[in-house]
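The structure under discussion appears below in the form of structure tokens.
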Amino acid sequence: MYDEWVIASQDCDLAWKALIGSSDFLLELRPAIVDAEVKDWGIRNSKYLLDTKGNCIDNNLPRLQVTPSVVAAGQHLSCLDDESVLRLKTWLGLRYDRPAVPQRYVKLARSISEKVKAKRGRTFADLVRDVLIHFTDEKDSTNPFELVAVLNTKEASPETLENITEWLAEIALGAPAELGIATYFQAVPDSGISLAYIENAFSLDVSNVSWPFKTPGPSGAV
């Protein structure tokens, strides 16, 4: 069904199988497609952008596991550059760590997400790898939250960081007060974001696949 595929097996698996000379293992392949609508370099988006031409991987498409002989029979087209490989590894890892926004915050996350994706913000949004939202679990209904825009370090000049922080502040402070109160907003290079923050924050794109407005959320752990 698809003409082009990307090998998505882990480096360590490939290296170990090559070291012991094994050929009876399986490689994971992901179909590569062209989708001009995908323009964001998201960390947790369901679609991963391979390059600036619109080539991407859609996590909703079927993946295959094949023997090395199947790969050897195909035509090698190209390799991703080192930076894209690193982004792909991050994306593959976070596909299994993509928690839904807690139901009490869904309306807030959707409201902010719509503002991030608005056309007048595309100049800035296109430079952002992801916009993370962090909620402070207060017992009252104020729903305080933080917004952090994560940029590629190479593009994170002081001027760019300042401009995107201002853009982010406009979005954060424009959120309906009855849904949540912004307590912090900042644009940071990806080299300045901690793993702990990523683990405790949510990608705004998550709200697009969270529980529907009129459907009660599940009970228990989410």
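Numbers below:
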| quantity | calculated |
| --- | --- |
| Candidate set: the stretch 176-198, residues that are more than 13 Å from VAL128 (Cα to Cα) and touching a helix residue (DSSP H, G or I) at 6+ places or on another chain (Cβ under 7 Å); chosen: the one least open to solvent (accessible area, probe 1.4 Å) | GLY180 |
| Cross-chain or 6+ apart pairs with Cβ under 6 Å, the stretch 85-106 first and closer than 26 Å to ASP51 by Cα and modelled with pLDDT of 80 or more, then of a type outside the set (S, T, N, Q) and not in a loop (DSSP other than H, G, I, E, B) | TRP91/TYR48 |
| Hits in the stretch 162-188 (condition: in a strand (DSSP E or B) and aromatic (Phe, Trp, Tyr)) | TYR184, PHE185 |
| Residue count, the stretch 16-44 (criterion: at pLDDT 75 or above, of a type in the set (D, E, K, R) and surrounded by fewer than 20 Cβ atoms within 10 Å (Cβ to Cβ)) | 5 |
| Any chance LYS47 is surrounded by 14 or more Cβ atoms within 10 Å (Cβ to Cβ), more than 21 Å from the chain's Cα centre (by Cα) and at pLDDT below 85 | no |
| Those residues of the stretch 20-77 which are free of Cβ contacts under 8 Å to residues at least 40 places away in the same chain, farther than 21 Å from ARG95 by Cβ and among the small types (Gly, Ala, Ser), in sequence order | GLY21, SER22, ALA36, ALA72, ALA73 |
| Pairs where the first residue, in the stretch 164-175, is within 15 Å of ASP130 (Cβ to Cβ) and the second is of a type in the set (D, E, K, R) and open to solvent by 20 Å² or more (accessible area, probe 1.4 Å), C-beta under 9 Å, 6+ apart | ILE171/LYS115 |
| Strands (runs of 3 or more DSSP E) enclosed by the stretch 46-109 - at least 1 residues per element that are under 30 Å from ASN143 (Cα atoms) | 47-49 |
| TRP5 being part of a strand (DSSP E or B), more than 18 Å from the chain's Cα centre (by Cα) and more than 30 Å from ILE133 (Cβ to Cβ) | yes |
| Complete set of residues in the stretch 135-192 that are of a type in the set (Ser, Thr, Tyr) and under 19 Å from the mean Cα position of the chain (by Cα) | THR153, SER191 |
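The values are calculated or read from the model by the stated rules, or taken from the named source; none is laboratory data. None of the values given here were measured: they were computed from a predicted structure. Neighbour counts run over all protein chains shown; Cβ positions are idealised from the backbone, glycine included. Accessible surface is based on the protein model in full, side chains and every heavy atom, while ligands, DNA and RNA are left aside. Shrake-Rupley method; radii C 1.70, N 1.55, O 1.52, S 1.80 Å.
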